[in-house]
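None of the figures in this text is laboratory data; all of them are computed from the coordinates on show. Everything numeric in this text was worked out from a predicted model, so none of it was measured. A quick note on method: Cβ atoms are made from the backbone with ideal geometry, for glycine too, and the neighbour counts reach across all protein chains shown.
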Amino acid sequence: MECKLAHTVELPTNTFVIGEIINLYSEESYLTEGMPDAKKTNSFILTKSDNHYRVLGESVGKAWSAGKVLKNRIEKASAGK
């Protein structure tokens, strides 16, 4: 992944760096229909909040709309109390 520095945010203990992706490079074996395929790359991330490595790949919900459904469900449950 090739990135260009977009912003830096000074935090109390470190600097948060925000970049703009300008290009992606990959071997053909990691692509599906010309696009990077997370399942094929066997990628993982570090979640600093709990210091765990998490595997990437499978979609578990559509961003924003899944959150709205959950928010509405919680609000309805809270209103019923």
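Descriptive notes on the structure:
- Counted by Cβ distance under 12 Å from E27, the other residues give a net charge of -1, where Lys and Arg count +1 and Asp and Glu count -1.
- Each helix, a run of at least 4 DSSP H residues, gives -39500 (n - 2.57); summed and divided by the residues of the chain, these come to -7000 deg cm²/dmol at 222 nm.
- Calculated Rg and Dmax of the chain using C-alpha coordinates, Å: 18.3, 55
- Pairwise label distance in nanometres, A66 with N14, each label 7 Å out on the Cα-Cβ vector: 2.5
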